[in-house]
1. As a test question: what accessible area, to the nearest 10 Å², does Thr315 have when a 1.4 Å probe is rolled over all protein chains in place?
2. Hey, what did the chain get for relative contact order, percent, Cα under 8 Å, at least 6 apart?
3. Go ahead and run the numbers for FRET between Lys401 and Glu175, Cβ-Cβ distance against an R0 of 41 Å, rounding to 0.05.
4. Counting pairs of alpha carbon atoms under 8 Å apart in space and at least six apart in sequence, what relative contact order in percent does segment 154-223 give?
5. How far, in degrees from 0 to 90, does helix 270-284 lean away from the longest principal axis of the Cα atoms of the chain, to the nearest 10?
6. Hey, what's the per residue convex hull volume over the C-alpha atoms of segment 263-395, in cubic angstrom?
7. Which whole-number value in Å³ per residue fits the convex hull of the alpha carbons of segment 181-293?
8. Quick check: convex hull over the Cα atoms of the chain, volume per residue in Å³, rounded to an integer?
Amino acid sequence: MNEIPYKIYLEENEMPTQWYNVRGDMKKKPAPILNPETLQPITLEELSPIFCEELAKQELDDTTTYFEIPEEIRNFYKMYRPSPLVRAYCLEKKLGTPAHIYYKFEGNNTSGSHKLNSAIAQAYYAKKQGLKGVTTETGAGQWGTALSMACSYFDLDCQVYMVKVSYEQKPFRREVMRTYGATVTPSPSMNTEIGKKINAEFPGTTGSLGCAISEAVEAATTQEGYRYVLGSVLSQVLLHQSVIGLETKAALDKYGIKADMIIGCAGGGSNLGGLISPFAGQMLRGEADYEIIAVEPASCPSLTRGKYAYDFCDTGKVCPLAKMYTLGSGFIPSANHAGGLRYHGMSSVISELYDQGLISARSVEQTKVFEAAEIFARVEGILPAPESSHAIRVAIDEALKCKETGEEKNIVFGLTGTGYFDMVAYEKFNNGEMSDYIPTDEELKKSLDTLPKVD
Ligand SMILES: *Cc1c(COP(=O)(O)O)cnc(C)c1O
């Protein structure tokens, strides 16, 4: 067989024309999302005041396996996709491993992450519905940036509630969003009722994704012609992100490579879900087997230490309830640097696949993550996002295991983005000032005790 090139590119005409909905192939489906007031499965009519109509339909559809990608979205994708699948020859050499390591790099666009894949889809459907604008939250800032890019492309107003700790740590992120025309408000703010309430209850709080979501939902439902959009967790987002996995699979197939292990970082589960969907689909249909690993921060360990239960998706309890692995919607993680992985819950699709044993999960500590980030940066040239570096950590650990056993495993991981806006975190690490925060069982119990009683 031909030698595998460093960059396994697909041609433009080999790009996916449909998104893949893994729920369609799941015999046991993720539990339905519930109306927070009635605790009954939520209907399209009930979702429509919050979400764009077409996106609400995608959210509720757990049977259709393939959705056509509208041509305008495909054309936008062509500006920065297909994203490269890279054979990490230099990292393999550095580690002295017989393993073959591949990474799918999603950082080749201004948002610096995979989030643009869903942002452009969501902005497209909002525009098609004739809306004036959208509201959202952003944690580390990648989603807000991606959405502001997508909104400016379709001439939509974009209002972003940014978790306060990130707003302060990442002023340049904020400025990129404003450059694309978005309004950026630190959350919790005094603009919304829920923001005022959270500020009163937790004075001086640095915020959380859960708070910012509540504020953005309130802003959407109190302004005419606005809807709320979300960059992770939701099943519609995993659907859009399936473009990552479909391209990865097409590229591997093109070179006759069979992945043994697929690794992704997990915040709300969207990149992981997108990357693994086509592979998990094969497993569900009994066509192939893979070892799939979700990697989460030890500081926010929803899969490895959370409960599989119905919970609120936001602190203000205005969003639908989802059954997911969760730490409780009141969980506010320490102000560490895993910015984009600080969400208390996990995609209901990932949660169900994990519960069925199709995927496993690992948690890793922050300093170990930055160690891996630097090993990677120094040989592969890309400065990785801290979130992505969680996946790098486990890919390196697994490659080192192969060194001991002599196995030539094919390890594929998702490199979700770049870390140029995370230099405060890198600085802390380089100065030896970074610590590892791991919540105690008592702390977790406190937030888990507040889970709603649903049966
Ligand atoms: C947002 C983000 C993540 C985590 O979000 P998921 O929904 O779990 O994918 C990971 N990496 C980067 C670079 C991000 O921006």
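The values are calculated or read from the model by the stated rules, or taken from the named source; none is laboratory data. Since this is a predicted model, take the numbers as computed values, not measurements. Here the Cβ positions follow ideal geometry from the backbone for every residue, glycine too, while neighbour counts run over all protein chains shown. Protein only, heavy atoms only, side chains kept; ligands, DNA and RNA dropped before computing areas. Shrake-Rupley method; radii C 1.70, N 1.55, O 1.52, S 1.80 Å.
1. Roughly 30 Å² of Thr315 is accessible to a 1.4 Å probe.
2. Computed over the chain, the figure is 20 percent.
3. 0.45
4. 36
5. It works out to around 60 degrees.
6. Considering the Cα atoms of segment 263-395, their hull volume per residue is 105 Å³.
7. Taking the convex hull of the Cα positions in segment 181-293, it is 154 Å³ per residue.
8. Here the figure is 133 Å³ per residue.
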